[in-house]
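Quick note: the coordinates plus some simple rules give every number you see, no bench work behind them. What you see is a predicted model, and the numbers here were worked out from it, not measured in a lab. Ideal geometry is used to build each Cβ from the backbone, glycine not excepted, and the neighbour counts take in all protein chains shown.
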4 protein chains.
Amino acid sequence: MLYHGKLQELESYLRDGKAPPHFEMAGPREKIYFDPSKLKCGIVTCGGLCPGINDVIRAVVLSLHYHYGVRTVFGFRYGYEGLTYRYGHEPLELTPAVVDDLHQQGGTVLGSSRGPQQVSEMVDTLEQMNIGLLFTIGGDGTLRGAQGIAEEIGRRGLRIGVIGIPKTIDNDISYIQQTFGFETAVSEATEAIYSAHAEAAGARNGVGLVKLMGRHSGFIAAYATLANSDVNYCLVPEVRFTLDAFLQALKKRLEGRRHAVVVAAEGAGQDLLEANAERDASGNIRLGDIGTFLRDQINDYFKKAEMEVSVKYIDPSYTIRSMPANPHDSAFCLMLGHNAVHAGMAGRTGMVVGNWRAEFTHVPIAAAVSERKQIDPRGRLWTGVVSTTGQPRELV
Amino acid sequence: MLYHGKLQELESYLRDGKAPPHFEMAGPREKIYFDPSKLKCGIVTCGGLCPGINDVIRAVVLSLHYHYGVRTVFGFRYGYEGLTYRYGHEPLELTPAVVDDLHQQGGTVLGSSRGPQQVSEMVDTLEQMNIGLLFTIGGDGTLRGAQGIAEEIGRRGLRIGVIGIPKTIDNDISYIQQTFGFETAVSEATEAIYSAHAEAAGARNGVGLVKLMGRHSGFIAAYATLANSDVNYCLVPEVRFTLDAFLQALKKRLEGRRHAVVVAAEGAGQDLLEANAERDASGNIRLGDIGTFLRDQINDYFKKAEMEVSVKYIDPSYTIRSMPANPHDSAFCLMLGHNAVHAGMAGRTGMVVGNWRAEFTHVPIAAAVSERKQIDPRGRLWTGVVSTTGQPRELV
Amino acid sequence: MLYHGKLQELESYLRDGKAPPHFEMAGPREKIYFDPSKLKCGIVTCGGLCPGINDVIRAVVLSLHYHYGVRTVFGFRYGYEGLTYRYGHEPLELTPAVVDDLHQQGGTVLGSSRGPQQVSEMVDTLEQMNIGLLFTIGGDGTLRGAQGIAEEIGRRGLRIGVIGIPKTIDNDISYIQQTFGFETAVSEATEAIYSAHAEAAGARNGVGLVKLMGRHSGFIAAYATLANSDVNYCLVPEVRFTLDAFLQALKKRLEGRRHAVVVAAEGAGQDLLEANAERDASGNIRLGDIGTFLRDQINDYFKKAEMEVSVKYIDPSYTIRSMPANPHDSAFCLMLGHNAVHAGMAGRTGMVVGNWRAEFTHVPIAAAVSERKQIDPRGRLWTGVVSTTGQPRELV
Amino acid sequence: MLYHGKLQELESYLRDGKAPPHFEMAGPREKIYFDPSKLKCGIVTCGGLCPGINDVIRAVVLSLHYHYGVRTVFGFRYGYEGLTYRYGHEPLELTPAVVDDLHQQGGTVLGSSRGPQQVSEMVDTLEQMNIGLLFTIGGDGTLRGAQGIAEEIGRRGLRIGVIGIPKTIDNDISYIQQTFGFETAVSEATEAIYSAHAEAAGARNGVGLVKLMGRHSGFIAAYATLANSDVNYCLVPEVRFTLDAFLQALKKRLEGRRHAVVVAAEGAGQDLLEANAERDASGNIRLGDIGTFLRDQINDYFKKAEMEVSVKYIDPSYTIRSMPANPHDSAFCLMLGHNAVHAGMAGRTGMVVGNWRAEFTHVPIAAAVSERKQIDPRGRLWTGVVSTTGQPRELV
């Protein structure tokens, strides 16, 4: 049986509603659980693109090959579909030669898809292909899927490890300080804000409006605001605002300065949208689009106020998430991939590789998906945002 | 009276429907028409943003100051509105200190606006402010406005020169080989195509769709396609296509390769849109949006064909046009600004500074606005596009 | 008298050779020590360039102005020279308008210089100009100078606060987890490594050799190695190596792979250089140049071995350190500047603003300059470097 | 026999010392000289790196494969060494899969070397390997080598075509308006100048000195100067200057402005260096290093003048030339490669693909290497440089 040791102990804390005292530190272990010469591994990437996915794939393959001597690594195509036989996606064999320059490319060489698949079918595939170790790169839903797979493996009494590698460009996974791709996303987001500012300043009563990623947590919007001093209003899911207060503040700004830049995380102002409860294939609630909503509201408001404004709306999401990782994220992905391999080879399972206060850790999946990490509206980050933009602390 | 010499001669060719044999070469002249110590100049920027506007403003101010000793240069705010008294826009005084780092910023420091203003009001402003030389940076509509101003100046018998500096990110002005900002736009466009490719390849039957600028001429789309070998279909206004042919070709590609990248110039396929003849404030026909149209058509078509596709639509226009000029365009804007000043100081008027076969030229406004420059579907450029994408020469 | 409170308590730990238990958290305080309407502040930048200096200057000026209402901020020119009357450098008045776009420029708008000046002369200047709060941006030597100034202020019984803002591109200051400019430097360094790899691979037995910053600590070299997987040998001050072992390893690599990339921190291999004990104007030991030394040693060794090699040596230091801050560092500099102002306005003095585990802190200058932060050769970072490059753990 | 037609006619003009009236236009021809199903092709890259080499290799391979159906393309390794049997370099087989992402990498995937090899040995290799078409990518020396090969082929009566693709980052080949990589080089050079300016402005009497490529022609230095308005002195091979005049001008500038930026092409001021007539392996004269020479002369001069200056010397050559091509150059390389294939498949030989006034042309090698293209000191480009830097037209 695979080693669950500390992970189970930690899970007991979570069951009791307590924060676990410490996570196990990541890194190579003295004892290796698998025989590398016979081990077959698999990698699967799920959900939306994020800078650095290819870096992680590459790091896992190279570490398995050069650090442990594992010779066979399969890349399953198009997310969990690739683990489901009836889709007929042939897996890609990942050798050092195949992954050599992979880190220079955005996207995922394996392809991805959203949404769950039948757990039993996926474990069938793992059994039939004789996979001993599966690495799943994905967010919340993917990690829950990985946990389902690990549990089914347990029920069948198989010797297959499942290691999750957390991917969330929003950086909103609990007990994990920073996820890969986040810094690249902030960098790229500043370019969109730069454009929004140039457009706004280039027109009389110009409003540059940028929607950034962040369904439940506004970290990208907040850090991009700090990194680019042209933002006048930063709207995030964690801080409620009313249309009236926002539009009045915007009017005042335009009257004084003749242009304004607004940044909105995609999950901001959801109460304003009377969001219907549709869910996408991954089970995420379909949010109404705050970007086009705000654009239309601004236009309506100023039309009524008989003030001519020029709103330029920019939605850079696809461009941001498909960029290659920047050097910070590249270095981070490399160490993340290495530590995922160390954990898997040591016999860990049902866990994700996290990081906290500059150390890599082993985090039980249950802990990682237990709640979302969000901006604290009274904390240092949001205070910095408010004092930089000069926006009112309360837009209600 | 201002010198019209060769320009009038050239215009006679145009009147007779003939191409003019040669344009006057640009550059400094021995005789200066104005007394620099008394001359007041004005600059105005109109229409949409374009990389390099600030470079041109800076080059004009520095050349007037350092090459000729002109001490007073006004920047009129928000396009032709700034020349119209009743808007109340205070002009900005442009000194070398003010423009020193201007070339490092995208947008226009003066602000811009679309649409014409009353010619007589604008000439009133020039008279009242005692402006001797006006530089207008803008496209088709702006140049027609400049010609109107020059003609009214002529009628009033004033000693005011009007020099046009052609700005069209689409690079579609006649008798002018390349306009500033075009190369930067192509560069930036390749980033959007990169993203479209990563998104397309990252999904089963992924289609990355990019709309690029180009209302009547597809130069940006064509060159960006050559610069980025991931494009499978390039659609431009100059080459007609039918939906059926395009969608069938796309289906065939997806069946074979599982992803595709489509680039469409904004003016492509206008016959398909049954464009209504609305016109915007500058008098340009309002085109239907080919980007969202194609996105919806692709989705509908494959839904009917019961083939699941994933279309990612990217519209990078605002981001592209608000970038600072790249080094090529910076150098070009510098020389363009210098030559505009040389032309103005030498007493030329009613002309734009063009360039042709690596030389700067003086082009009568009438010639520049006479017809659009477009891609020749049988020429070298389009042949290169077709042989790179592998798309059928005829998509009908 | 200025508040020293916790700082003095912390210093007692240091005197006893113990690590201080906790640093005071940074941030705004309820009580403000100075009357903002009468306060005059000064900023000085010393030592070599580093990405983000202008960001910090800007953040300090804007925070003083908008958060506290301080109206007069002087920028002293050319480091401590600017505080020394006899140099005759007129200070620059720093208003919000002056610093508005400053963060987009590399370098320092104030100019810098190396080396100490007479403490008494500098305090004379502060007295004569009626400065109440001095911000010094600089490294080790600068911070020692700031401490001298603070002590002299104490002796004279003046009400002048001195706040240090740590600047070290090498990221080698104790009790401070990361210093500004470091991430930008790592990013830029990867470009030089990219070039070194292209040059090396482009020649038979090509060796690309890059010298990076890092006099005593090899953090830039180590992280740039992780971020760019083309490095085969990373040499840092913290890990001793012998020429024989290094050159033999290099020979073996060339025989097998025909090219190699070597990255050396400037302080690596100093024992090999029989460094003479010269010191520069700032009192730093003048290190021999490991870059040219290695280049010559490699050439000699392979000449003797009758093996034709082609060594391309790249020293990107000036280019790296003069770049503008990247978005990560921009956001960091903003918060750093704000917290320096908060500390100063609350009456703190003789301290630097540090950061540790994602929090900003107040660190006594004595603690910050007590010892250098270095790579732990048995730690996670160096293990990552060794497992990525594949270089022998011991090159002796 | 291969078709020489117009080329021979053109050569007769050159023999008589006349400029040829027109070059043959490039492009696909109706008749194909070779049977694609049996044709084997070779590519070789010689001399120093240049942005875009891999783009050209890729374009040639893809055009041969997709446009003509040629299935076998060999990449000879390490320049003309790869064509010389006794070096034992195994050629690389270049398939569409191998070259697919090649354009995203700087350098040359084939490796390069300098210097000539025995023509007879190289033609032996071509015969033995049954190569029908050889593409040589290189500069002056390489093209002369290609001509030698073509002549030997003629003597032996073989059916082997030789097509030169001109590579010179300096853009100094006659009858060819622009060579690939040049625009990328200018772009990258501006970054070094940016750094030099930041370093210069960051120190009292700071001098930023940048050496750029340009052995005989200063085009990179001149265009980079136009693209970056911080340059105060631009020194090129085409315009003589004396040390006295230059140093006096520099002194005056420092006294007034306290910093200066100097850009020198590597071939500038060679008369000052008393260059000894050494030649490198390619037969080029070994020039003394103007960069370190000027640095030392500036230091000496101001030491004698008892004026403290701080000279920062930047030599970015390796970094510039190993960058990937920018989008402009990528598009250009693509069309260049296609046209080289069209020429070769049509039976042309002993020629290079040139471009002139926006058209691709066939230029006899003899014409291309007949003389160097240089800056005209009385022309538009140099006038632009002088009027931007404000440097004296005569520095003698």
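Round to the nearest 10 and give me the degree value, 0 to 90, for the angle of helix B:243-257's Cα axis relative to the longest principal axis of chain B. Tilt relative to chain B: about 60 degrees. Mind checking the angle between helix B:380-389 and chain B's longest principal axis? C-alpha axes, 0 to 90 degrees, to the nearest 10. It works out to around 30 degrees. Rounded to the nearest 20 debye, the dipole size of chain A about its Cα centre is 400 debye, using +1 on the Cβ of Lys and Arg and -1 on the Cβ of Asp and Glu.
When the helices of chain A are scored as -39500 (n - 2.57) per DSSP H run of n ≥ 4 and the total is divided over every residue, the value at 222 nm lands at -11500 deg cm²/dmol. For the residue pairs A:K211/A:K252; A:K211/A:K304; B:K38/D:K252; A:K304/B:K211; C:K252/C:K312, the alpha carbons lie more than 27 Å apart in B:K38/D:K252; A:K304/B:K211.
Spatially, the stretch B:301-379 and the stretch B:123-174 are offset by 19 Å when compared through their Cα centroids. Starting from the label point of C:K304 at 7 Å along Cα→Cβ, the same points in the other copies fall at 4.2, 7.9, 8.6 nm, in ascending order.
The other copies place their D:T95 label points at 1.2, 6.8, 6.9 nm from this one, listed shortest first, where each point is 7 Å from Cα along Cα→Cβ.
If we count other beta carbons within 10 Å of each Cβ, what is the order of B:Y68, D:Y80, A:Y194, fewest first?
Numbers: B:Y68 19, D:Y80 28, A:Y194 23.
So the ranking, lowest neighbour count to highest, is B:Y68, A:Y194, D:Y80.
Across chain C, Cα pairs under 8 Å and at least six residues apart give a relative contact order of 25 percent. With neighbours defined as other Cβ atoms within 10 Å of a residue's Cβ, the residues A:T84, C:T319 order from fewest to most as A:T84, C:T319.
Which percentage, to the nearest 5, of the DSSP beta bridges contained in the protein assembly as shown is antiparallel?
That works out to approximately 25 percent antiparallel.
Note on D:E255 and C:K31: with the Förster distance fixed at 60 Å, the Cβ-Cβ geometry gives a FRET efficiency of about 0.75. Across the identical copies, the label point of D:G154 (7 Å from Cα in the Cβ direction) is separated from its matches by 6.0, 8.2, 8.8 nm, in order from shortest.
For the stretch B:185-322, the share of DSSP beta bridges that are antiparallel, to the nearest 5, is 5%. Here's the picture: charge each Lys and Arg Cβ at +1 and each Asp and Glu Cβ at -1 in chain B, and of B:G202, B:I137, B:C234 the one pushed furthest to the positive end of that dipole is B:C234. How much of the calculated P(r) for chain C lies past 37 Å, in percent of all Cα pairs? Here the tail beyond 37 Å accounts for 27 percent of pairs. To make sure I understand the rule: partners must be aspartates and glutamates, Cα under 14 Å from the Cα of C:K167, and not fewer than 8 residues away in the same chain. Which ones qualify? Leaving aside aspartates and glutamates fewer than 8 places away in the same chain, those within reach of C:K167 are C:D55, C:D140, C:E183, C:D329.
Sorted largest first, the spans of the alpha carbon positions of the protein assembly as shown along the three principal axes are 89, 78, 74 Å. To the nearest ten degrees, helix A:182-201 and the longest principal axis of the Cα atoms of chain A are 20 degrees apart. Here the calculated FRET efficiency for A:K38 and C:N299, from their Cβ-Cβ distance with R0 = 41 Å, stands at 0.30, rounded to the nearest 0.05.
Out of the DSSP beta bridges found with both residues in chain B, what percent are antiparallel (nearest 5)? Please list the in-between numbers first.
Working: 12 of 46 bridges.
Expressed as a percentage, antiparallel bridges in chain B total about 25.
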